[in-house]
Structure formats: C-alpha cells, structure tokens
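A.B. asks: One structure, as structure tokens, below. Some questions next.
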Amino acid sequence: MKKLFVLFIILLILIPSAAAEKVNINGIDFEIPHQYEHGTKKDSSYVYESGFTFRILSLDDSRNLRFNFGSDVSEAKSVEQTTIAGHDAVVVSGEYNSKPHTTVYFVTQDKIFLICFNDTYVNDDITKIIENTPSQTMSHDEFSNRLNKALDDYQKQVEQENRDYDSYQSSKNNKPSTRYYFFSF
C-alpha cells in the first residue's frame with residue numbers, strides 16, 4: 001500500500017510537468033516550452049514577460065506584418081531565409097536594449113506567424129514549436145512575396161513619415177511666432 005501511494009505521488013508530480021502548455025492563436029495550436037509558460041494570451045498573440053523574452057504573434061493583418069517584418073529587417077544584424085521543420089522561414093537576428101534576440105517568421109497552413117525570443121540562434125525548443133504546428137499550405141513564392149511587399153510598404157511608409165516630418169519642421173521654422181503683449185496702466 002505504501003509503494004502504491006508513493007507511486008501515485010510520483011505520477012502526480014511528473015504528469016503535469018511532462019505536458020506542455022498549449023495555446024491557440026488564430027486557429028493554430030502552439031505548445032509552449034516550460035520556461036515560457038503562464039504568459040498572457042490574446043486572440044492573435046501570446047507573450048511571456050515581454051515581447052523580446054518570448055512571444056508568438058499572428059500576422060494575418062498586413063499592417064502588423066508590415067510593421068513587424070519591416071522594422072525587424074531594417075534594424076537586423078542578420079537575415080536568413082531557411083526552412084525549419086518543413087516550414088518556410090526567415091530568421092532575423094537583432095538586438096534590443098543591448099540584449100540579443102531572434103525573430104522567426106514562418107508559415108503554418110496559410111498563415112504567417114512570428115516567434116520572438118531572447119537568444120542568438122533558433123534552439124531546439126523553438127524548432128519543436130514550429131514542428132508541432134500544421135504543415136504549410138502557402139507556397140514558398142506567396143510567402144516570399146508577402147514578406148517582400150511588407151518590407152517595401154514599410155520602407156515607403158518610413159520615407160513618407162520622414163518627408164512629412166521634414167515638411168512640418170520647415171513650415172514650423174518659417175512661421176513667425178505670434179506674441180501677445182499686455183500692458184497695464
């Protein structure tokens with residue numbers, strides 16, 4: 001009886017720790033590694049501590065894809081197009097607040113996601129997350145075209161914002177200031 005009780009206690013301890021936390025983001029199930037469990041889950045994202053510690057983000061919205069991919073690639077130390085566990089992927093290495101981070105843009109089914117984490121390479125945990133998602137149905141060319149368009153749109157947006165800012169500064173500097181003087185008698 002004592003052995004049965006000890007075995008039962010061991011099973012209670014081991015079974016929950018063996019099962020990874022699963023989250024569903026935009027219709028796709030992700031198995032979260034133990035070190036990133038108990039994060040904040042929303043419809044289109046999962047974040048543990050901060051976006052640069054660990055996050056998964058659905059990029060179905062072209063504005064999100066444009067902003068995330070555009071800014072990551074523009075500030076990247078390196079960009080590599082590759083395949084991870086049978087999924088087309090782009091690995092972007094960067095730095096935030098003097099700490100390295102890596103962002104992987106990848107396809108599962110017909111959706112683009114990113115996984116960002118604080119490491120300098122794609123480790124086994126990240127590979128396993130991607131491996132456990134459904135196979136991609138989006139073609140390699142479609143994935144590349146979406147990323148290229150997002151980067152082009154981001155660069156155009158930044159150029160327009162710079163022109164708008166320069167125009168604003170120019171008009172601000174050319175306007176005489178209006179001053180009001182009040183005299184008391």
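Every read-out reported here was derived from the displayed coordinates using simple, explicitly stated rules and does not represent laboratory data. Source: prediction; values computed, not measured. Note that we place each Cβ from the backbone using ideal geometry, even for glycine, and neighbour counts take in every protein chain shown.
A.B. asks: Please list, by residue number, every one of the GluC sites (Glu not before Pro) in the range 23-76 that is coil in DSSP and has at most 14 other beta-carbon atoms within 10 Å.
C.D. replies: Within the range 23-76, the qualifying GluC sites (Glu not before Pro) (loop, at most 14 other Cβ atoms within 10 Å) are Glu37, Glu49, Glu75.
A.B. asks: Taking every pair of distinct Cα atoms and averaging 1/r, then inverting, what Kirkwood hydrodynamic radius in Å comes out for the range 37-175?
C.D. replies: Radius from the Kirkwood sum: 16.1 Å.
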